[in-house]
1. Provide the gained length on full extension for the span residue 378 to residue 24, in nm with one decimal, where the gain is 0.36 nm per separating residue minus the Cα-Cα distance.
2. Residue 50 to residue 277: FRET efficiency via 1/(1 + (r/R0)^6), r the Cβ-Cβ distance, R0 51 Å, to the nearest 0.05?
3. To test your reading of the geometry: what angle, between 0 and 90 degrees and rounded to tens, separates the Cα axis of helix 23-45 from the longest principal axis of the chain?
4. Relative to the first principal axis of the alpha-carbon coordinates of the chain, what is the inclination of helix 334-344, with its axis defined by its Cα atoms, in degrees from 0 to 90 and to the nearest 10?
5. With a ≥ b ≥ c taken as the square roots of the eigenvalues of the C-alpha gyration tensor of the range 384-496, please select rounded if a/c is under 1.5 and otherwise prolate if a/b is larger than b/c or oblate if it is not?
6. Place the peptides 44-53, 120-129 in order of packing, highest mean first, counting for every residue the other Cβ atoms within 10 Å and averaging per peptide.
7. Shape verdict for the range 184-356, please, from the Cα gyration tensor: rounded (a/c under 1.5), prolate (a/b greater than b/c) or oblate.
8. Rounded, prolate or oblate: which fits the range 442-500, taking a ≥ b ≥ c as square roots of the Cα gyration tensor eigenvalues, rounded meaning a/c under 1.5, else prolate when a/b beats b/c?
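None of the figures in this text is laboratory data; all of them are computed from the coordinates on show. A quick note: this is a predicted structure, and the numbers were derived from the prediction, not measured. Glycine gets a Cβ as well: all are built from the backbone with ideal geometry, and neighbour counts include every protein chain shown.
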Ligand SMILES: [Zn+2]
């Protein structure tokens with residue numbers, strides 16, 4: 001009591017420091033100190049010859065060091081480029097430790113080998129995802145008022161990031177599927193039959209399924225109005241169709257939609273267009289996943305499933321009875337076959353539905369960022385010598401322990417310790433091979449040096465290739481990393497090459 005509140009120039013809240021001055025500097029210093037401490041811990045478990053495998057250490061680097069920057073990505077993405085560079089340095093230091101690669105390994109190779117996007121890129125991506133998610137919360141998000149108008153404006157940086165991404169995917173912000181305005185959709189009472197009937201078994205012969213289906217409809221759903229829906233996805237076109245005894249529809253969809261979203265959108269569209277005033281509607285679909293999602297509805301469900309639930313809720317208000325029935329696909333059930341055929345027939349010129357779910361946009365953003373790492377690598381000077389290199393995660397199942405993880409990472413990145421490499425960094429006076437009088441590099445040792453010609457022959461013999469097949473370093477790497485057999489052949493002979 002009666003103690004005056006002390007004045008403070010900064011406070012920490014949820015791991016973020018709010019300060020009167022220089023807020024960004026203070027935060028980067030705070031996070032860097034924390035990250036460095038964790039990198040030191042990582043160093044203490046990243047042994048050279050035994051202990052945790054590289055792939056697990058990469059996960060640790062991601063989930064405990066890089067993740068320090070994810071929680072506040074929506075503010076960190078506005079940092080200056082110099083500050084974001086600091087984040088990237090933290091990431092590459094952590095990855096280098098995890099993979100057991102020396103300090104001079106080029107970052108481009110490091111990220112490609114570890115199959116990671118740059119940390120600054122990931123922070124920006126996560127921030128965009130964060131805002132997209134809030135846009136999708138619609139009336140429930142602080143971005144909008146109850147009447148749907150915007151209540152908060154995004155900063156220039158954030159809105160310009162969205163303005164770049166959405167047109168790139170051909171999406172209008174107004175066509176992002178939003179959370180339903182009311183929450184009655186969480187209490188829908190409709191029946192969903194996934195395995196209730198005998199015909200719902202894919203292992204049965206087609207003719208049996210068809211006969212059992214007809215039988216089920218006759219005995220259980222004779223007074224129902226039947227609607228069948230289907231979605232189709234080809235490399236060029238995503239489309240949906242629905243059909244009933246009186247009518248049918250077909251639409252082209254925004255291509256970014258997954259088959260799951262398309263199936264759910266087909267059901268939404270069917271509820272909008274096909275039933276009129278029928279008391280009981282039976283919806284047939286071959287999408288088990290969409291129906292399962294609807295059966296396990298919660299506030300965290302896909303927005304598209306929530307939208308479907310909202311449409312069902314509206315119809316239930318008018319005492320329409322809605323039942324959803326899973327039908328095995330391609331089992332000659334004539335309703336399905338018709339919907340399937342209609343969906344397949346959709347072409348570029350058909351009417352387009354623009355709706356797209358935020359979940360599908362986020363999937364695309366991830367794919368895009370993975371491709372980004374590959375594109376940067378392919379555009380770099382290393383591509384010419386190394387060719388397409390695999391990620392450590394993909395070859396990990398063929399390796400036995402941490403020691404092999406490190407050796408292969410060092411061979412692929414040409415960072416294994418050789419006299420030529422040491423000479424490049426001023427650590428060895430003589431870069432030349434004593435026998436051949438040329439640069440004693442890893443290529444020389446593995447592919448050309450006369451000292452090892454017998455071992456090389458034996459390696460070629462085991463790989464079933466002739467010497468010409470490995471005359472270039474990149475062809476050598478691609479052969480070695482192509483199969484478990486090849487990688488084991490190299491490891492059975494690697495000790496004779498005097499490289500580690
Ligand atoms: Zn030599």
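1. 124.0 nm
2. It comes to 0.10.
3. Result, in degrees: 70.
4. The helix 334-344 is inclined about 50 degrees to the chain.
5. The shape class here is oblate.
6. The densest-packed peptide leads the list: 120-129, 44-53.
7. Note, shape of the range 184-356 comes out rounded.
8. rounded
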